[in-house]
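The values are calculated or read from the model by the stated rules, or taken from the named source; none is laboratory data. Since this is a predicted model, take the numbers as computed values, not measurements. Ideal geometry is used to build each Cβ from the backbone, glycine not excepted, and the neighbour counts take in all protein chains shown. Ligands, DNA and RNA are stripped out before the accessible areas are found, and what is left, the full protein with its side chains, is counted by its heavy atoms. Shrake-Rupley method; radii C 1.70, N 1.55, O 1.52, S 1.80 Å.
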Amino acid sequence: MTVLDILRYPDSRLHTVAKPVAVVDDAIRGLVADMAETMYEAPGIGLAATQVNVHLRVIVLDVSEARNDLKVFINPEIQQSSAESKVYEEGCLSVPGIYDEVERPDRVTVRALDLCGTPFTIEADGVLAVCIQHEIDHLNGKVFVQYLSRLKQSRIKSKFSKQDRAAA
Ligand code: GNR
Ligand code: NI
C-alpha cells in the first residue's frame, strides 16, 4: 500500500469529471487500498479518487470515531435527496486549513458498487450524508469552496497561490 499525494486547490485537475469504473478488478481494489491508507494518514473522513489525480468514480469514507469502519463506493449515484437541508461546517484535504458552512440535503439514498462489483444501496444522514455528497462533488470536479461567495473563493485562491509560490 502507498500513501498518495493529494492535489491542492486551486489545481485545475481537481475540476476533472471522473469516469465510471468499467470493471471492479484488482487494479481498482489496489487503488482503494492506497486511497484508504492516504485518507487515514492525512487524516480525513473521506477521499475521492479525483484528489489523488485518478479520474475514476471511486470514493472511500470512514466517519467512525474508532477509524475502523471503511466504506467504499464505486460509481456512486444519489438516488434520492431529502427536501430538508442542513448546514454543516466543511473542510477538505485539498483545501487544508479552510473550514466553512455549506448547506446540503440532510439525507440521501446512494447506490454504488462494492469491492466485488456488487450493487448496494444505503440511506445516509448526518455527517455520513455530508461526506458522501462532498465526495461525489469531487468526482464531478467540484470543490466545496465553490459553494462559498466569490469573494471568499478569490481570497482562498490567492492564499493558496501565495503558499504554493512560497513553497516552490
Ligand atoms: O476530512 C474531511 N472532513 C470533512 C469535514 C466536513 C465535511 C466534509 C469533510 S470531507 C474531508 C476529507 C475530504 O476532503 N474529502 O474530499
Ligand atoms: Ni474534499
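Secondary structure note: in the chain, about 95% of the DSSP beta bridges are antiparallel.
In the Gaussian network model of the chain, springs joining C-alpha atoms below 10 Å, which of ILE28, ILE59, ILE74 carries the largest mean-square fluctuation? Among ILE28, ILE59, ILE74, the largest mean-square fluctuation in the Gaussian network model of the chain belongs to ILE28.
Suppose we take every Cα in the range 2-62 and form the convex hull; what volume per residue is that in Å³?
Numbers: hull volume 4.4 nm³, N = 61.
Each residue corresponds to 72 Å³ of Cα convex hull volume.
For the range 76-131, GluC sites (Glu not before Pro) are listed when DSSP marks them as loop and at most 10 other Cβ atoms sit within 10 Å of their Cβ; the list is GLU84.
Could you state the accessible area per residue of the chain in Å², with a 1.4 Å probe and every protein chain left in place? Mind showing how you got there, number by number?
Working: 8870 Å² over 168 residues.
Here the residues of the chain average 53 Å² of exposed surface.
Hey, any idea what % of the range 81-168's accessible area is carbon plus sulfur with a 1.4 Å probe? All intermediate terms of the calculation are to be shown ahead of the outcome.
Numbers: 2410 of 4840 Å².
Carbon and sulfur atoms account for 50 percent of the accessible area of the range 81-168.
In this simple spin-label model, placing a label point 7 Å from the Cα along the Cα-to-Cβ direction at both GLU103 and GLN153 gives a separation of 1.8 nm. If only the Cβ of Lys and Arg carry +1 and only the Cβ of Asp and Glu carry -1, the dipole of the chain around its Cα centre is close to 860 debye. Cross-link partners of LYS86 among aspartates and glutamates, defined as those whose alpha carbon lies under 19 angstrom from its own and excluding same-chain residues fewer than eight positions apart: ASP100, GLU101, GLU103, ASP106, GLU123, ASP125, GLU135, ASP137.
Each listed q (0.16, 0.25, 0.27, 0.30 Å⁻¹) maps to a log10 I(q)/I(0) for the range 110-154, found by the Debye formula over equal Cα scatterers with no solvent: -0.57, -0.96, -1.01, -1.06.
Pairs of alpha-carbon atoms within less than 8 angstrom and 6+ residues apart define the contacts here; what relative contact order does the range 1-107 have, in percent? Spell out each step's value before the answer.
Details: 167 pairs, mean separation 25.8, N = 107.
Once divided by the residue count of the range 1-107, the mean separation gives 24 percent.
Shown for the chain is the translational diffusion coefficient from the Stokes-Einstein equation, using the Kirkwood radius over Cα pairs, a temperature of 20 °C and a viscosity of 1.002 mPa s: 131 µm²/s.
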